[in-house]
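Reviewing the structure listed below.
The values are calculated or read from the model by the stated rules, or taken from the named source; none is laboratory data. The structure presented is a predicted model; accordingly, all values stated were derived computationally and were not measured. Cβ coordinates were reconstructed from backbone atoms using ideal geometry, including for glycine residues, and neighbour counts include every protein chain displayed. What goes into the accessible areas is simple: the full protein's heavy atoms, side chains included, and nothing from ligands, DNA or RNA. Shrake-Rupley method; radii C 1.70, N 1.55, O 1.52, S 1.80 Å.
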Amino acid sequence: ETVAVLLAAPFVGSFLGVVIDRLPAGRPVLVARSRCDACGTRLGARDLVPVASWLWQRGRCAYCRAELSAFYPIIELAALAVALSAASVLSGWLLLVSCALGWTLLTLAAIDQRHFLLPDVLTLPLIPAGLAVAWAIDPALLVPHAVGAIAGFVAFALIAILYRRLRRREGLGLGDAKLLAGAGAWLGWQALPGLVVVAALCALAVALARTLPGDGLSAATQVAFGSYLALAFWLVWLLGPPILA
């Protein structure tokens with residue numbers, strides 16, 4: 001099953017690329033055929049082999065030779081990295097559900113980076129899924145994980161409301177609260193403080209790295225915090241929460 005998951009991962013990544021590209025724009029995900037953005041030619045099977053087609057065509061459309069974005073091969077490789085990291089820690093049914101979790105978090109992170117958006121259709125199912133997995137592992141986990149889901153949403157929702165009232169602008173979206181609720185459902189309430197710290201440190205590190213010398217960070221600097229929540233969620237799921245003194 002590990003080999004099957006690894007072989008399937010790039011193809012899953014190709015589908016995730018479609019979701020990331022179309023879902024925020026409200027375009028159909030499952031029914032519309034893939035086409036070249038430049039010439040509109042419908043793409044065939046040979047044009048859609050993960051990573052290989054892009055490399056074989058040297059990053060250009062096979063029909064009009066327009067340059068193709070590296071977005072799809074990057075997402076395909078990222079989906080493979082998710083499967084590899086999960087397979088290095090887990091096996092059996094937990095490997096399968098972990099890959100599903102990781103691929104969902106990858107999709108959320110990419111959409112948030114592009115659009116500052118965490119779609120409900122991806123965040124909300126994480127809550128019942130996490131509770132179901134917790135119950136399957138040990139029914140005694142259901143209560144602390146349900147508490148984690150509630151606590152995660154309430155904590156970030158309160159912060160979002162208070163920030164909006166104090167600063168008269170959006171600072172933290174409810175999508176982040178729903179994602180943290182999903183994290184609480186999968187990880188339990190005890191993991192949430194460490195998860196938020198990891199996410200904040202990752203966000204700060206990336207924001208500092210992207211800042212041009214002399215510009216500095218300001219209160220107006222936009223950060224797609226949901227992306228870093230998704231990353232921290234994945235790391236804590238695989239490695240366990242950091243112990244905070």
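Quick one: which residue in L80, L84 is in contact with a helix residue (DSSP H, G or I) (Cβ under 9 Å, 6 or more places away or on another chain), more than 20 Å from A224 (Cβ to Cβ), of a type outside the set (S, T, Y) and open to solvent by less than 80 Å² (accessible area, probe 1.4 Å)? If you could, list the steps in order and put the result at the bottom.
On the way: L84 fails: open to solvent by less than 80 Å² (accessible area, probe 1.4 Å).
Sole residue among the options that is in contact with a helix residue (DSSP H, G or I) (Cβ under 9 Å, 6 or more places away or on another chain), more than 20 Å from A224 (Cβ to Cβ), of a type outside the set (S, T, Y) and open to solvent by less than 80 Å² (accessible area, probe 1.4 Å): L80.
What are the pairs, 6+ residues apart or on separate chains, where a residue within the range 98-119 that is in a loop (DSSP other than H, G, I, E, B) and surrounded by fewer than 22 Cβ atoms within 10 Å (Cβ to Cβ) has its Cβ under 9 Å from a residue that is at pLDDT 95 or above and among the hydrophobic types (A, V, I, L, M, F, W, C)?
Going by the 9 Å Cβ cut-off, the qualifying pairs are L117/I111; P119/L108; P119/I111.
Kindly provide the set of residues from the range 126-144 that are within 14 Å of K178 (Cβ to Cβ) and in contact with a helix residue (DSSP H, G or I) (Cβ under 7 Å, 6 or more places away or on another chain), ordered by number.
Residues of the range 126-144 that are within 14 Å of K178 (Cβ to Cβ), as a first pass: 126-130.
L126, I127, G130, listed by residue number.
Name every residue in the range 49-80 that is in a loop (DSSP other than H, G, I, E, B) and under 20 Å from A110 (Cα atoms), in order of residue number. Break it down stepwise before answering.
So the first thing to find is which residues in the range 49-80 are in a loop (DSSP other than H, G, I, E, B), and the list is 49-51, 57-59, 61-66, 68-70.
Passing the criteria: P50, V51, L68, S69, A70.
Given the conditions (1) outside any loop (DSSP other than H, G, I, E, B); (2) at pLDDT 85 or above, which single one is not true for L90?
(1)
For the list (1) assigned to a helix (DSSP H, G or I); (2) open to solvent by 30 Å² or more (accessible area, probe 1.4 Å), I need the number of the one condition that V29 fails.
(1)
Would you mind finding the one in A151, A207, A136, A146 that is open to solvent by less than 30 Å² (accessible area, probe 1.4 Å) and free of Cβ contacts under 8 Å to residues at least 60 places away in the same chain? Spell out the reasoning first.
Working: A151 fails: open to solvent by less than 30 Å² (accessible area, probe 1.4 Å); A136 fails: open to solvent by less than 30 Å² (accessible area, probe 1.4 Å); A146 fails: open to solvent by less than 30 Å² (accessible area, probe 1.4 Å).
Among A151, A207, A136, A146, only A207 is open to solvent by less than 30 Å² (accessible area, probe 1.4 Å) and free of Cβ contacts under 8 Å to residues at least 60 places away in the same chain.
So S69 fits all but one of (1) of a type in the set (S, T, N, Q); (2) touching a residue at least 24 places away in the same chain (Cβ under 8 Å); (3) surrounded by fewer than 16 Cβ atoms within 10 Å (Cβ to Cβ); what number is the exception?
If we test S69 against (1) of a type in the set (S, T, N, Q); (2) touching a residue at least 24 places away in the same chain (Cβ under 8 Å); (3) surrounded by fewer than 16 Cβ atoms within 10 Å (Cβ to Cβ), just (2) comes out false.
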